[in-house]
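Each remark here refers to the structure printed beneath this line.
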Amino acid sequence: MIVKTEEELEGLRRIGRICAEVRDAMIRAAEPGMTTLELDTIGRGLLDKAGAVSAPESTYNFPGATCISVNEETAHGIPGPRVLKAGDLVNVDVSASKDGFFADTGASFVLPEARPVLEQLCRDGKKAMDLGIAQVRGGQPLNAIGIAVGRFAKSKGYTLICNLASHGIGRGLHEYPEEIATWPDKHDRRVIAKGLVLTVEPFLSRGGREAVQGRDGWTLYASPQAPTVQYEHTVVATDKGAIILTKI
């Protein structure tokens, strides 16, 4: 989607804030002993209260209002009977729509007592996303996002999941450009248009290089298996930089 009016931007801001509030509320609520379904139920209730509709559920018939991935699960984890435990690495991914506008956001975190290596991975995962967002502005090469993320990952000894990309969003959950590399792709010659709405969501890993689908047809796992984090914001490109829609 290309934002052309203030009304469109305001609609995107509304759903962006809802998704951000749900994401943060779920992170605060997560604790050892609860199931991922119980955590998802909290998210569903907040989306319903805000008049928003789960995007993965409405768009793809995903079996949950949100995606919750734990430890060996990299993305698209199905909420269910899995019990969260102390020290678990958890990712919450919230995407939803309201009044015809979509937003998408996610964050990884570790339940106490966290291993220092995982805490550092989370800090660096957020840093990787921030570096990618810093490249978003009208007229900038689209591949600048992945080049910046890749430079950071290499400097810290991390790998990137190179088959899970960022994407356009706005009037639908996934729009053109449908694959925006968050790893170095020197062959991409596309340019960021002013007003483009997109996600920035690198998957930073301690060894994983691609995501493979599990038996349930939804959940993705890092290959080689390794701890992996994802941080994601929905942003709008302007001439001066990115407007972050999913930040409170």
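The values are calculated or read from the model by the stated rules, or taken from the named source; none is laboratory data. Since this is a predicted model, take the numbers as computed values, not measurements. Methodologically, a virtual Cβ is constructed for each residue, glycine included, from the backbone with ideal geometry; neighbour enumeration extends over all protein chains shown.
Some values worked out for this structure:
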| read-out | value |
| --- | --- |
| Unique match (being surrounded by 21 or more Cβ atoms within 10 Å (Cβ to Cβ) and of a type in the set (Asp, Glu)) among Glu119, Glu73 | Glu73 |
| Any chance Gly132 is without any contact (Cβ under 8 Å) to a residue 60 or more places away in the chain, under 28 Å from Phe62 (Cβ atoms) and within 17 Å of the chain's Cα centre (by Cα) | no |
| Tally of residues being aliphatic (A, V, I, L, M) and touching a residue at least 60 places away in the same chain (Cβ under 8 Å) across segment 14-52 | 7 |
| Exclusive hit being over 20 Å from Ala181 (Cα atoms), at pLDDT 95 or above, surrounded by fewer than 20 Cβ atoms within 10 Å (Cβ to Cβ) and hydrophobic (A, V, I, L, M, F, W, C), set Ala86, Ala114 | Ala86 |
| Segment 215-234, residues that are touching a strand residue (DSSP E or B) at 6+ places or on another chain (Cβ under 6 Å), closer than 19 Å to Pro56 by Cα and not polar (S, T, N, Q) | Leu220, Tyr221, Tyr231, Glu232, His233 |
| Residue that is nearest to Thr59 (Cα to Cα), among those in segment 153-166 that are surrounded by 20 or more Cβ atoms within 10 Å (Cβ to Cβ) and of a type outside the set (A, V, I, L, M) | Ser166 |
| Conditions (1) polar (S, T, N, Q); (2) within 23 Å of Val235 (Cα to Cα); (3) surrounded by 18 or more Cβ atoms within 10 Å (Cβ to Cβ): number failed by Thr36 | (2) |
| Residue count for segment 196-248, restricted to those that are within 26 Å of Ile18 (Cα to Cα), assigned to a loop (DSSP other than H, G, I, E, B) and either small (Gly, Ala, Ser) or without any contact (Cβ under 8 Å) to a residue 24 or more places away in the chain (or both) | 0 |
| Residue that is closer than 30 Å to Ile243 by Cβ and of a type outside the set (D, E, K, R), where the choices are Ala103, Ala114, Ala86 | Ala103 |
| Residue under evaluation Cys122, criteria (1) farther than 18 Å from Asp24 by Cβ; (2) assigned to a helix (DSSP H, G or I); (3) touching a strand residue (DSSP E or B) at 6+ places or on another chain (Cβ under 8 Å), criterion not met | (1) |
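One line per residue, one yes/no per condition, for (1) surrounded by fewer than 23 Cβ atoms within 10 Å (Cβ to Cβ); (2) in contact with a helix residue (DSSP H, G or I) (Cβ under 8 Å, 6 or more places away or on another chain); (3) farther than 22 Å from Ile15 by Cβ:
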{"site": "Lys98", "(1), (2), (3)": "yes, yes, no"}
{"site": "Leu131", "(1), (2), (3)": "yes, yes, yes"}
{"site": "Gly139", "(1), (2), (3)": "yes, no, yes"}
{"site": "Thr182", "(1), (2), (3)": "no, yes, yes"}
